[in-house]
Every structure is written in C-alpha cells, then in structure tokens.
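Read through the structure below, which is laid out as structure tokens, and then see the notes.
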Number of protein chains: 2
Amino acid sequence: MTDMKQRIATELERSFSEQGFAEQGVEALRAEADVSLRTLYRHFPSREAMIVGALEHRDATYFAWLEGGPEEGVGHVLHPLVRLRDWLCEVANTGCLFLNALAEYPDSAAIGAVVRDHKARLAEEFTRRLARVAPGRDTGDLAETLFLLHEGMTQAARFQGREKACEAALRAARAALAAEDIR
Amino acid sequence: MTDMKQRIATELERSFSEQGFAEQGVEALRAEADVSLRTLYRHFPSREAMIVGALEHRDATYFAWLEGGPEEGVGHVLHPLVRLRDWLCEVANTGCLFLNALAEYPDSAAIGAVVRDHKARLAEEFTRRLARVAPGRDTGDLAETLFLLHEGMTQAARFQGREKACEAALRAARAALAAEDIR
DNA sequence: CGACAGGTAGAGCGATCGCTCTACTTTTCG
DNA sequence: CGAAAAGTAGAGCGATCGCTCTACCTGTCG
C-alpha cells in the first residue's frame with residue numbers, strides 16, 4: 001500500500017531530522033516507524049533508500065510549507081524567509097536536512113541528486129517571486145542574494161540561536177530589496 | 001611528542017574533510033595518519049576526540065588562512081569572503097567541516113562547543129574589520145549580514161558550483177556595504 | 001474455498017565497529 | 001648504562017552494523 005510507504009517515509013523524515021543520520025541504525029528507524037523490519041525493507045530496500053525516501057518526503061513537506069502568504073509586494077518575496085523562520089521555531093532548528101545528508105554521504109550519487117534538485121527548485125522560488133513582483137526587471141542577482149541569506153540563516157540559527165539569525169537575515173533581505181527599489 | 005600529535009591532527013583534518021565523518025572508521029583514519037593504532041589512541045583517546053582534534057586543527061588552519069590582505073577600505077572587510085573563495089577553489093569545496101560534524105553528532109557536547117566557539121570568532125572577524133574601516137559607526141547589522149553571506153556561500157558552493165556562489169556572495173556583500181556608504 | 005499479497009515477530013548472518021591488549025623496538029635522557 | 005617514554009604491528013574483544021530469512025497471521029478477491 002502507498003499509505004504504508006507514506007507513513008514510513010513520514011517517520012523516517014522525522015527520525016533523521018531529530019536524531020541525525022549517523023546516530024541511529026536501521027533497527028532504531030524501524031522502531032520509530034513502528035513496523036516490522038521486513039516491511040521497512042520492502043518499501044525502502046536499503047538504508048540509503050531510506051535516506052533518499054526521507055529527503056523526498058521532506059522536499060514535498062517543505063514546499064507545501066511555503067504555500068500561502070502575501071501575493072504581492074515585498075511580503076511575497078520575503079515569504080519563504082518568513083516561513084523558514086516559522087519552521088525553525090515550530091518544527092526543528094537542526095540545519096538543513098539535505099545538507100546534513102550530503103555531509104554524511106558525500107559520495108552517494110543518489111543523495112547528491114536529490115539534494116541538488118531540491119536546492120535548485122528552492123533557488124527558483126526566489127527567482128519566480130521576484131519576477132512576479134518586479135516584472136520586466138533583471139532580478140537574477142537579487143534572487144541569488146536572497147537564496148544565500150536563506151542558506152546562511154538556516155545554518156546560523158543552529159549555533160547563534162534562531163532569533164538572532166532570523167532577524168539578521170530578514171533585515172538584510174529587506175535592505176537588499178530596498179536598495180533595488182523593490183517594494 | 002607534540003610534533004606527532006600535530007601531524008596526526010593534520011591528517012585527521014584532511015581525512016575528515018575529504019571523506020566525511022561517517023564513511024570512515026578508526027582503522028581508515030589510522031592508515032591515513034600512517035601511525036599505529038596505539039599511538040593514535042594515545043593522543044586521541046576516542047573517535048569523538050579525533051573529531052574534536054581535527055576541528056581544533058582546522059580552526060587554527062582557517063584563521064591562519066584569513067591573515068594578510070588589504071588593511072583598509074572595502075577590501076579589508078571583504079577579505080574573509082575572498083579568502084573563503086580561494087579556499088573553496090584551492091583546498092576543498094565540501095561545505096563547512098564544523099557544520100558537517102555537528103550534522104552527524106548533534107548530541108555531542110564537546111563537538112557542539114568547538115563549533116560554537118569557532119563560529120562566534122568567525123562572526124567577530126567581520127565585526128572587527130567593519131569597526132576598523134568605519135570607526136564610530138554602528139555596523140553590527142552589517143557584520144551579521146556579511147556573516148550570513150559567508151555561511152550561505154560555503155553551503156551553496158557545494159551544490160551550485162563555486163563560481164556562481166562566490167560571485168553572488170561577493171556581489172551581495174559589496175552591495176550591502178555600498179548601501180551603507182562604506183568604502 | 002484457495003491463492004496470494006502484504007503484514008508481524010524476531011533469529012541470525014557475516015562484516016565491521018570502536019577499542020584494548022600483548023609483545024617487541026626505538027628514542028630520550030638522568 | 002639503564003629506566004622510562006613513546007613508537008610499531010597486529011590479534012582479538014564484545015557490540016553493533018545492514019540486511020536476509022523463516023514461520024506465521026490476516027484481508028482481499030477470483
């Protein structure tokens with residue numbers, strides 16, 4: 001059943017997010033998902049597949065998390081950063097799950113591909129939003145700046161604390177938009 | 001001997017940097033350092049101590065790497081970002097060793113402490129440089145912006161490619177300085 | 001009914017893990 | 001010289017790893 005696979009993927013995502021990748025083996029993952037070892041392996045035939053499955057699930061979760069928000073103006077552009085702040089406060093402040101995975105398995109082609117795909121679409125998110133708010137203008141550089149701030153904020157929140165990193169990133173983003181006369 | 005410990009630490013740093021933390025056990029580290037298992041454990045009595053040792057060594061290496069450069073003007077402030085670009089080109093483009101370690105062992109107090117200490121001093125680097133170039137002005141926010149760009153650049157370079165991330169970060173940093181009339 | 005897909009529980013495989021230990025050699029130095 | 005310190009080589013410990021497999025149960029459907 002697809003329900004089962006979804007349910008397991010949800011638990012894998014939560015588990016890896018909370019405990020990291022190195023600190024728990026397959027048996028621990030099985031227990032968290034509350035299924036038999038056989039069922040776990042039926043849907044995710046290796047530990048690497050479990051990681052990829054968790055990342056794919058997180059990808060969907062996170063883009064759903066970004067939905068909604070202001071449909072125009074600065075608020076529309078900044079929305080992903082605001083939602084990231086919410087995520088860091090309400091869900092987890094443990095860095096980026098994708099980059100954490102990449103850190104542990106830098107040689108895995110499968111993991112690398114999922115990470116690159118996710119990040120490319122995330123960067124595109126800023127590009128799209130800027131294109132909507134400032135149509136006809138070349139906002140490519142600005143999109144890259146906002147994406148860098150997004151990545152920096154995610155990491156800095158871990159060791160500096162959420163509030164400081166979030167305020168700094170939003171302040172910097174607003175300044176960058178203001179400097180380009182986007183309002 | 002301290003020489004020996006230094007030499008081992010150098011190899012540990014290189015090894016973890018190139019292969020990641022999860023993908024090699026103590027035996028592989030021993031082989032890279034080209035010492036006996038007993039000697040390795042004499043200087044670093046546990047795998048966690050090896051990681052901490054590698055991070056401490058990297059801390060020293062990296063701050064030495066930042067030395068030199070312009071002593072005033074925008075160049076002085078941007079120097080750490082320029083040197084980071086050099087590092088990503090010449091040494092390794094594998095993200096931040098400290099954050100990679102934290103990703104794998106989020107529950108280790110020892111590792112967490114080293115990471116927080118390193119990052120705090122790195123953030124301070126921008127604060128100091130700005131204070132020198134724009135004495136008497138409140139450049140705290142700007143320093144935080146530059147630090148966020150530094151962190152974002154480090155991560156983005158991994159999956160977007162060095163050039164794109166480095167150019168974007170330097171461009172964004174210059175723009176932020178210009179907007180505050182720092183030259 | 002009977003076949004089968006998909007679930008549970010858990011024993012157990014070989015490999016590898018972090019780490020300790022023995023036995024011996026080399027270097028340092030009072 | 002001779003003791004202590006610090007090195008090498010590597011066997012081997014118990015624990016854990018990822019993963020497979022057997023044995024059994026349950027619901028669906030032709």
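The values are calculated or read from the model by the stated rules, or taken from the named source; none is laboratory data. Values in this document were obtained by computation on a predicted structure and should not be read as measured data. Neighbour counts run over all protein chains shown; Cβ positions are idealised from the backbone, glycine included. These accessible areas exclude ligands, DNA and RNA; they are computed on the full protein's heavy atoms, side chains included. Shrake-Rupley method; radii C 1.70, N 1.55, O 1.52, S 1.80 Å.
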Members of the stretch B:123-177 found to be aromatic (Phe, Trp, Tyr) and open to solvent by 10 Å² or more (accessible area, probe 1.4 Å), listed by number: B:PHE159
So is A:PHE63 at pLDDT 95 or above and farther than 18 Å from A:GLU125 by Cβ or not? no
Checking B:ALA92 against (1) in contact (Cβ under 8 Å) with a residue 24 or more places away in the chain; (2) within 30 Å of B:GLU180 (Cβ to Cβ), the condition it does not meet: (2)
Answer with yes or no whether B:ALA179 is closer than 17 Å to A:MET153 by Cα, small (Gly, Ala, Ser) and at pLDDT 95 or above. no
If A:ALA134 satisfies every condition in (1) closer than 26 Å to B:GLU167 by Cβ; (2) under 13 Å from the mean Cα position of the chain (by Cα) but one, which is the exception? (2)
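Residue check: is A:THR2 of a type in the set (Ser, Thr, Tyr) and free of Cβ contacts under 8 Å to residues at least 60 places away in the same chain? Working first, answer last.
On the way: of a type in the set (Ser, Thr, Tyr): yes; free of Cβ contacts under 8 Å to residues at least 60 places away in the same chain: yes.
Judged against the criteria, A:THR2 is a match.
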Give just the number: which of (1) assigned to a helix (DSSP H, G or I); (2) within 16 Å of DNA strand D (Cβ to nearest atom); (3) away from every other protein chain (no Cβ under 14 Å); (4) free of Cβ contacts under 8 Å to residues at least 24 places away in the same chain does B:ASP86 not satisfy? (2)
Within the stretch A:1-38, how many residues are in a helix (DSSP H, G or I) and more than 9 Å from DNA strand D (Cβ to nearest atom)? 21
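Tell me whether the stretch A:142-155 contains one or more residues that are at pLDDT 95 or above and more than 10 Å from every other protein chain (Cβ to nearest Cβ).
No; the residues of the stretch A:142-155 include none that is at pLDDT 95 or above and more than 10 Å from every other protein chain (Cβ to nearest Cβ).
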Taking the stretch A:39-69, which residues are within 14 Å of DNA strand C (Cβ to nearest atom), part of a helix (DSSP H, G or I) and not charged (D, E, K, R)? A:THR39, A:LEU40, A:TYR41, A:HIS43
Go through the residues of the stretch B:59-67 one by one and say whether even a single one is among the hydrophobic types (A, V, I, L, M, F, W, C), within 16 Å of DNA strand D (Cβ to nearest atom) and not assigned by TED's automatic domain parsing to the domain that holds B:PRO135. no
Identify, from the list B:ALA31, B:ALA103, the residue that is within 14 Å of chain A (Cβ to nearest Cβ) and free of Cβ contacts under 8 Å to residues at least 24 places away in the same chain. B:ALA103
